[in-house]
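Working notes, beginning with the structure itself.
Only the coordinates and a few stated rules stand behind these numbers; no lab work does. Bear in mind that the values here come from a model prediction, so they are computed numbers and not experimental data.
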């Protein structure tokens, strides 16, 4: 029996060492395969390069959009300044002559076009101008030209105080008032 016990003891130890050897070899292999899959990117290098290029293109497009919006806002401000200058010019022309010459009428037309552009850029449309009460406040041409100059100055201030990406109802109301004043002036100068 001692040989049998000794033989079983050897077999048991052999199994133990075999399992230990398999364990020692398999643990690093399993851990390496798990960590390798976690750090390895499933996307190939070409796809990563394309993704970087696409990201760069999106950033450039975003910068270009912001630059264009700033440029449009600067044009918007310049139109408001020009409207104020035209309003004051037309008022002084009317006060000096009690009428408008051909050059002043062209400036009045230019002012109307600019004010319409300002209204459209501010989010207004043609239908919004019908509700303005500018006609009810004007009774004669001198008053109309005084209000034209005042309203164009107020419009310039409203545009300058309005942030770039904001739709301003005060700007829309001022443009509608100016357009109604221009219509009143045209109707009474003919």
Identify which of the listed values of semi-axes √(5λ) of the Cα gyration tensor in Å was calculated from the structure shown: (i) 87, 16, 11; (ii) 38, 21, 14; (iii) 43, 29, 13. (i)
Pick from 142, 45, 163 the residue whose mean-square fluctuation is largest in a GNM of the chain, springs joining Cα atoms under 10 Å. 45
How high is the relative contact order of the chain, in percent, with contacts defined as C-alpha pairs under 8 Å that are six or more residues apart? 25 percent
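Rounded to a whole number of µm²/s, how large is the Stokes-Einstein D of segment 76-189 at 10 °C and 1.306 mPa s, given Rh as the Kirkwood radius over C-alpha pairs?
Values: Rh = 13.8 Å.
Value of D from the Cα-based Kirkwood radius: 115 µm²/s.
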Which residue fluctuates most in the GNM of the chain (Cα springs below 10 Å): 13, 56, 73? 13
Computed [θ] at 222 nm, helices only, for the chain once each DSSP H run of length n ≥ 4 contributes -39500 (n - 2.57): -29500 deg cm²/dmol
Select from 47, 78, 104 the residue whose mean-square fluctuation is largest in a Gaussian network model of the chain (Cα-Cα springs shorter than 10 Å). 47
